[in-house]
Amino acid sequence: MIPQNSAASPLPAGQPANDPMVAFQAVTKTFGDPKSQTSFTALGGVDYIVPRGSISGIIGRSGAGKSTLIRLVNGLELPSTGKVIVDGVDVGALEQSGLRDLRRSVGMIFQHFNLLSSRTAFDNVALPLEIAGLSKSEIRQKVAPLLDLVGLGDKASRYPAELSGGQKQRVGIARALATEPKLLLSDEATSALDPETTQSILELLKTINAELGLTVLLITHEMEVVKTIASQVAVIDKGLIVEQGTTFDIFTNPRHETTRSLLSSAVGVKLPHWVTSGLKAEATDGDRVLVRLVFFGNTAFQPLTARLVAEIGPDVNILAGTIEEISGQPFGSLVVSYPATPEITARAAHFYAETGLTTEVLGYVA
Ligand SMILES: Nc1ncnc2c1ncn2[C@@H]1O[C@H](COP(=O)(O)OP(=O)(O)O)[C@@H](O)[C@H]1O
Ligand SMILES: [Mg+2]
């Protein structure tokens, strides 16, 4: 078994869920001389808390400031103003030796794995332990279970060039865990991987979070990543957090324009082009209305559609529907159309009110 880190054991019962592992307090970061014309403000004042034991995500487009933000956590960058507090310690106030300790207690994984090509999988994982001054036998005792944990027990003597992308990232994860960190930072760790490999790496991160109680802070531009494993998420745009909350709330009810556009292709049904291209904002006589119905939890799909047809009438068309899982919770969406007559509209409204369905009129089609 992997050595247990007492500081990173799972949440004891009754521990407040918002006990912060990381707290960003009014953090700004400007590169270059702030008085110069060429200086650039990458972070404009970020407040964000990563609860201990959580998997928290930060999503945003390329250039939004994600990497800058995460590099503040292990002191690779220092804030221009504001504070970054990691497990109660102000990173900006640390001396060299304090920074060394911090980096040992914070593991990091990267998009391009950052393995040493001249070292085997075993020796890559061993590297941080060599730096920490452990003996050869101590290192062997730690590395073997780590390679087992990430599913590479039989690949110890392989070089990075002999491993697939997913296997390389598994080595990266084992190396990040070698010093028994309490926090794991992930900077686009699955962005170079295909969807299937991405899912298997996310499963591994979930397991590590659950079994070792490790807090995970991940930044990504991939909505699927957050949707699959993060319990809470913040959306960053041009160096500012524009929206934050539980992943389920943000994904099912995005409020900010940036969130909506980031999520548009990641959540809910995708309508075919021939439908969206013909949509009008106003109805004229004889038009059909297109409505998106959203349902949460375990509302069953089949009875719902059957009742819809029974209540509204045989003129209902079901155009698309999905049930997906967001942060472990079911979320369904259904797009239907029916004649936009006052009578049918009233029947539909009655049905929606009775069932508590959330609805959105997408537009009208001839
Ligand atoms: N060392 C640096 N010097 C100057 N500008 C930087 C530096 N690091 C990042 N930036 C700028 O800050 C912005 C945010 O970068 P980054 O945090 O890497 O974004 P993301 O990871 O979201 O793609 C970008 O415009 C980038 O060019
Ligand atoms: Mg980045």
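The values are calculated or read from the model by the stated rules, or taken from the named source; none is laboratory data. The model shown is predicted, which means the values in this text are computed figures rather than measured ones. FYI the Cβ positions are ideal-geometry reconstructions off the backbone, even for glycines, and counts take in every protein chain you see.
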Of the residues in region 36-69, those that are more than 12 Å from ligand 1 (Cβ to nearest atom) and in a strand (DSSP E or B) number 9
So in region 191-223, with the set limited to residues that are within 16 Å of ligand 2 (Cβ to nearest atom) and under 11 Å from the mean Cα position of the chain (by Cα), which one is farthest from Val171 (Cα to Cα)?
Met223
Which residue is farthest from the chain's Cα centre (by Cα), if the candidates are limited to region 69-95 and must be within 16 Å of ligand 2 (Cβ to nearest atom) and either crowded, with 21+ Cβ neighbours inside 10 Å or of a type in the set (A, V, I, L, M, F, W, C) (or both)?
Leu76
Within region 180-208, track down each residue that is of a type in the set (S, T, N, Q) and crowded, with 20+ Cβ neighbours inside 10 Å.
Ser186, Thr190, Thr198
Sort out for me the helices (runs of 4 or more DSSP H) sitting completely within region 119-186 that have 1 or more residues that are of a type in the set (Lys, Arg) and modelled with pLDDT of 95 or more.
136-149, 165-177
Looking at the structure I just gave you, is Leu204 of a type in the set (A, V, I, L, M), part of a loop (DSSP other than H, G, I, E, B) and under 30 Å from Leu262 (Cβ atoms)?
no
Matching residues in region 166-195 (within 16 Å of ligand 1 (Cβ to nearest atom) and farther than 13 Å from Met108 by Cβ) number 3
Among (1) among the aliphatic types (A, V, I, L, M); (2) under 25 Å from Val125 (Cβ atoms); (3) part of a helix (DSSP H, G or I), Ile109 falls short only on (3)
Please list, ordered by first then second residue, the pairs with beta carbon atoms under 8 Å, 6 or more apart or interchain, first in region 46-71 and more than 17 Å from Thr259 (Cα to Cα) and acidic (Asp, Glu), second away from ligand 2 (no atom under 16 Å from the Cβ) and modelled with pLDDT of 95 or more.
Asp47/Phe24; Asp47/Gln25; Asp47/Ala26; Asp47/Val27
Tally the residues that are part of a strand (DSSP E or B) and of a type in the set (Gly, Ala, Ser), restricting the search to region 327-366.
4
What is the one condition in (1) aromatic (Phe, Trp, Tyr); (2) surrounded by fewer than 18 Cβ atoms within 10 Å (Cβ to Cβ); (3) in contact with a strand residue (DSSP E or B) (Cβ under 7 Å, 6 or more places away or on another chain) that Phe110 does not satisfy?
(2)
Just to be sure, is Val225 within 18 Å of Leu69 (Cβ to Cβ), within 16 Å of ligand 1 (Cβ to nearest atom) and surrounded by 20 or more Cβ atoms within 10 Å (Cβ to Cβ)?
yes
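Table: residues versus (1) in a helix (DSSP H, G or I); (2) under 17 Å from Tyr48 (Cα atoms); (3) without any contact (Cβ under 8 Å) to a residue 40 or more places away in the chain.
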position: Val225; (1), (2), (3): yes, no, no
position: Glu243; (1), (2), (3): no, yes, yes
position: Phe248; (1), (2), (3): yes, no, no
position: Phe251; (1), (2), (3): yes, no, no
position: Gly278; (1), (2), (3): no, no, no
Among the listed residues Asp90, Asp123, Asp47, which satisfies the condition of being out of contact with any Pro (no Cβ under 7 Å at 6 or more places or on another chain) and more than 29 Å from Leu202 (Cβ to Cβ)?
Asp90
